[in-house]
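Asks: Questions regarding the structure given below will be posed in turn.
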Amino acid sequence: MPISQRNMPVEPHDQPGPAARAERADPAGPPASSGPPARPGSSLPPSPSASSARGEGDRLPLSPLLALATAAFLGVLTEALPAGVLPEMAGDLSVGESAMGQALTVYAIATGVSAIPLSKATAAWRRKRLLLTAVGAFAAANTVTALSSDYALTMVFRFVAGMAAAVVWAELVGYARRLAPPRLRGRAIAITMAGIPLALSLGIPVGTFLGGVFGWRLTFGLVTAVAVVLVGWIAAAVPDHPGQPPERRASVLGALRLPGVVPVLLVVATYVLAHNILYTYIATFLDAHGMGDSRDTVLLVFGIASLLSIWVTGAWVDRRLRALTVAGAALFLAAAALLALLAGHTAVVYAAVVLWGLGWGGVATLLQTAVTDAGGDRGQALLVTTWNSFMAAGGAVGGLLLDLRGAGAFPWSVLALLVPALLVVAGARTHGFPARRPGGS
């Protein structure tokens, strides 16, 4: 998912954290991202739409932020919708359900492997043009999926959709940060990221229902319609920004040398892997504990708890990023402990799912904010790659656990992954997850 500000000119108040600023001052290497647009001698004039779109005073420009949230919603909906209509898709395309399930894996792999190459290839593009191209690719991919009767063709365009997602996730945070006053950037990111739990808690269930009533092809056609409407919305409401000239580009992998970037990426890897092992096989886990008929309700409860977490995160991320990250990991860890020890009790499972949703919902905002503070635009490109690579790995690792140890192994694996994640967050109090954010109030 599973988002960056890569290749966007950084204004004086929009600098990455201390480590990234120190690297920028080093004459031995190029800056991490472009400098202030109005800097003397710069060939890039300031973007008139950028200053006007940021809003005045403490106001957030809701229309462009909601357009970005819809892009996040579209990305998750395009990715996960096949899971809700898997048997029907498999039957129409004459393949097994396990083969059809690879539609999700291909999407995640495409996002993970293409994030950094696309970042380099499109560095000079105008940012709005890039975002519109990505949303247009979603429309094309979902159209082909709705019409195709060929499995191979469908998978090719699932890969295309995954590449489009890499662009969208790599642009959303940068746009959100530039649209907001400095002290409200975390809240702007939270609004943008609200599209993720909305897609999971509302979009996927509704899409699954419509697929059962009207057929899965019509459902994908409706997703195409959302993408077409979003193209017009972005064109009308979201400001444009210039790309980055060749002389001002720096190595994305060079961000790994910045203090704080590696700890954040380690937390991303462990947290996302833990979540996807459990989430991918939640139906299997519930079936194993006699709750197979309650899948929809369990996922709805999870979605509502995730939305509450997004709201709390948006209200406090600018001032309490470290505390929220520690609390989120602790809540998820507590949920895993309950599922590992007491999953035979229905009430305990629901309590654990609430804790899980509270611990997961705000994590995208928290980790994207942390990596941007530490490593700027390049850190975000690394986060997109790490997030989607370990999201894809979740399905594979979960499948191995299921074959070797059964569904009961899932919460124990989550515990094994979250303990080191929590220790990394606790230890990275100077860089990565500091008590006081650069630019925070």
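Asks: Could you please put Phe214, Phe73, Phe433 in sequence from largest to smallest accessible area, using a 1.4 Å probe?
Replies: Heavy-atom accessible area, descending, gives Phe214, Phe73, Phe433.
Asks: Here is a follow-up. Taking Cα centroids, how far is region 311-327 from region 148-212 in Å?
Replies: Taking the Cα centre of region 148-212 as reference, the centre of region 311-327 is 22 Å away.
Asks: Give the shape of region 365-431 as rounded, prolate or oblate, defined through the alpha-carbon gyration tensor: a ≥ b ≥ c are the square roots of its eigenvalues, a/c under 1.5 means rounded, and otherwise the shape is prolate if a/b is larger than b/c and oblate if not.
Replies: oblate
Asks: Over region 63-115, with every protein chain in place, what whole percent of the accessible area is carbon and sulfur at 1.4 Å, could you tell me?
Replies: Carbon and sulfur: 63 percent of the exposed surface of region 63-115.
Asks: Then there's this: Quick one: P(r) of region 302-385 from all Cα-Cα pairs, 5 Å bins, percents rounded to integers, in order of increasing distance.
Replies: P(r) for region 302-385, in whole percents per bin: 3, 16, 22, 19, 17, 11, 7, 3, 1, 0.
Asks: Let me ask something else. Roughly how large, in nm² to one decimal, is the mean projection of the convex hull of the alpha-carbon atoms in region 285-441?
Replies: Orientation-averaged projected area of the Cα hull: 9.3 nm².
Asks: Expressed in nm², what is the orientationally averaged projection area of the convex hull enclosing the Cα positions of region 229-341?
Replies: Over every viewing direction, the Cα hull of region 229-341 projects on average to 11.7 nm².
Asks: While we're on this one: Taking a 1.4 Å probe, which of Trp412, Trp316 shows the most accessible area, and what order do the others take after it?
Replies: Output order, biggest surface exposure first: Trp412, Trp316.
Asks: Testing the spin-label approximation: label points 7 Å from Cα along Cα→Cβ at Leu342 and Asp287. State their distance in nm.
Replies: 2.7
Asks: Sticking with this one: Please work out how much accessible surface Val419 shows to a 1.4 Å probe, ignoring ligands, DNA and RNA, in Å² rounded to 10.
Replies: For Val419, the solvent-accessible surface is approximately 70 Å².
The values are calculated or read from the model by the stated rules, or taken from the named source; none is laboratory data. Quick caveat: nothing in here was measured; it's all calculated off a predicted structure. Neighbour counts are summed over all protein chains in view; Cβ atoms, including those assigned to glycine, are modelled from backbone coordinates with ideal geometry. Side chains are part of the model used for accessible areas, which takes the heavy atoms of the whole protein and leaves out ligands, DNA and RNA. Shrake-Rupley method; radii C 1.70, N 1.55, O 1.52, S 1.80 Å.
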